[in-house]
1. I need the phi-derived Karplus couplings for the range 95-112: 6.51 cos²θ - 1.76 cosθ + 1.60, θ = phi - 60°, integer Hz, Gly and Pro marked x.
2. Which residue fluctuates most in the GNM of the chain (Cα springs below 10 Å): SER166, SER51, SER123?
3. Ordered by packing density, taken as the mean number of other Cβ atoms within 10 Å over each peptide's residues, highest first, how do 110-121, 178-189 rank?
4. Apply the Karplus curve 6.51 cos²θ - 1.76 cosθ + 1.60, θ = phi - 60°, to the phi angles in the range 74-81 and return the couplings in whole Hz, x for Gly and Pro.
5. Using only the alpha carbons of the range 4-179, what is the convex hull's orientation-averaged projected area in square nanometres?
6. Pick from ASN21, ASN136, ASN159: which is most flexible by mean-square fluctuation in a GNM of the chain where alpha carbon atoms under 10 Å apart are linked?
7. Comparing TYR140, TYR92, TYR156, which has the greatest mean-square fluctuation in the GNM of the chain with Cα pairs linked when under 10 Å apart?
8. Using only Cα atoms, find the angle between the long axis of helix 133-146 and the longest principal axis of the chain, and express it within 0 to 90 degrees, rounded to the nearest 10.
Amino acid sequence: MIRKTSFKRNTHETDISGELNLDECNTSSIQTGIGFLDHMLTLLAFHGGISLSLTCKGDLEVCPHHTIEDIAITLGKACQTALGEKKQIRRYGMCYMPMDEALTRTCIDISGRAVHVFRGGFSTPAIGAFPTEMVNHFFYSFAINATITLHQEILYGANDHHIVESLFKGFARAFRDCITIEDSKSYVPSTKGIL
């Protein structure tokens, strides 16, 4: 069983395409037009143990919002598709992620219920061309479209680059745990029989 999918989303604001493979980790190819987002998605793929190729042509002359949001929507839906019936997955994952002086906590349940809780804030308006207000919105949009329960908290930190990097890496590690196949199982990990 190889869990992979290709994706495409085309609107008046963005044109996104690519491929996602949850079961292999090759060099990722990511071009969003926003350098810091490319960096974060590369980290997410590497530390999540997945392969991701993604290109996006967005209306960056307006602002980065549509590009960041639509990529999160697209990736969330792609993850949901690639996971299929979710048989044999571990389902739950958690990660405390240190990044220099910063520490964040991420907890995930591949639940079939779309919930996102985010606690914390930032001291700077942007990192490069990436508005820090879009960090919360990126993960919200991903969680809603992947239909997962995602809790994230900034425990402390002084440098917003380090904090955001901690959030993306922490999400990647927790998500990796969630989607890990447990060979001892042959069922969907829910008493309901469905996720």
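Here, each number is a calculation from the coordinates, and none is a lab measurement. Computed from a predicted model, the values in this text were never measured in an experiment. Glycine gets a Cβ as well: all are built from the backbone with ideal geometry, and neighbour counts include every protein chain shown.
1. For the range 95-112, the Karplus curve yields 8, 8, 10, x, 9, 6, 7, 9, 9, 10, 10, 10, 10, 10, 10, 6, 9, x Hz.
2. SER123
3. For the peptides 110-121, 178-189, the packing ranking is 110-121, 178-189.
4. 5, 5, x, 5, 5, 5, 4, 5
5. For the range 4-179, the mean projected area of the Cα convex hull comes to 8.9 nm².
6. ASN159
7. Most flexible of the set in this elastic network: TYR156.
8. Orientation of helix 133-146: about 20 degrees from the principal axis.
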